[in-house]
1. Which of the residues that make up segment 23-44 are surrounded by fewer than 19 Cβ atoms within 10 Å (Cβ to Cβ) and closer than 14 Å to Ser89 by Cα?
2. Which count do you get for residues in segment 39-66 that are modelled with pLDDT under 95, within 16 Å of Ser21 (Cα to Cα) and of a type in the set (Val, Ile, Thr)?
3. What are the pairs, 6+ residues apart or on separate chains, where a residue within segment 75-92 that is within 18 Å of Tyr41 (Cα to Cα) has its Cβ under 8 Å from a residue that is of a type in the set (A, V, I, L, M, F, W, C) and open to solvent by 50 Å² or more (accessible area, probe 1.4 Å)?
4. Quick check on Arg49: is it open to solvent by less than 70 Å² (accessible area, probe 1.4 Å) and closer than 14 Å to Gln5 by Cα?
5. Against the conditions (1) aliphatic (A, V, I, L, M); (2) part of a loop (DSSP other than H, G, I, E, B); (3) open to solvent by 20 Å² or more (accessible area, probe 1.4 Å); (4) closer than 15 Å to Ser22 by Cα, where does Ala72 fall short? Just the number, please.
6. Taking Arg3 as the residue in question, decide whether it is modelled with pLDDT of 95 or more, surrounded by 14 or more Cβ atoms within 10 Å (Cβ to Cβ), farther than 15 Å from Arg90 by Cα and of a type in the set (Lys, Arg).
7. For segment 75-94, which residues satisfy the criterion of being assigned to a strand (DSSP E or B) and open to solvent by 10 Å² or more (accessible area, probe 1.4 Å)?
Amino acid sequence: MVRVQVLNGSGESGIGARVASSLREGGFQVVEIENADRSDYFATIVVARRADVAGAEAVAGYLGRLPVIRQAWDSELAEVTVVVGSDRSRMRLD
């Protein structure tokens, strides 16, 4: 199961929880929901935290073909981080 961290960078209250709920329905394990370092991200991105980007690509595909960037680091928390931007309307949220 892919462990996912959701960071709300959109400035819209509650959108991180909505994204997390959708990811859980899709079978992903959401391990953290927080605000991002800032609230003015425009684009929503999926960050691969491992050298193997398969988990990030699965999350990106599930949410509606979002862009994936690779920023590998050793983290026990999550393999994937989703940074929600103000373009959240292009995401598929069930």
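1. Phe42, Ala43
2. Counting residues in segment 39-66 that are modelled with pLDDT under 95, within 16 Å of Ser21 (Cα to Cα) and of a type in the set (Val, Ile, Thr) gives 0.
3. Gly85/Phe42; Ser86/Phe42; Asp87/Phe42
4. Taking the combined requirement at face value, the residue satisfies it.
5. Going through (1) aliphatic (A, V, I, L, M); (2) part of a loop (DSSP other than H, G, I, E, B); (3) open to solvent by 20 Å² or more (accessible area, probe 1.4 Å); (4) closer than 15 Å to Ser22 by Cα one by one, Ala72 breaks only (4).
6. yes
7. The one that is assigned to a strand (DSSP E or B) and open to solvent by 10 Å² or more (accessible area, probe 1.4 Å): Val83.
The values are calculated or read from the model by the stated rules, or taken from the named source; none is laboratory data. Here the structure is a predicted model, which means the values were calculated and not measured. Here Cβ is always computed from backbone atoms with ideal geometry, including for glycine, and neighbour counts include all displayed protein chains. Side chains are part of the model used for accessible areas, which takes the heavy atoms of the whole protein and leaves out ligands, DNA and RNA. Shrake-Rupley method; radii C 1.70, N 1.55, O 1.52, S 1.80 Å.
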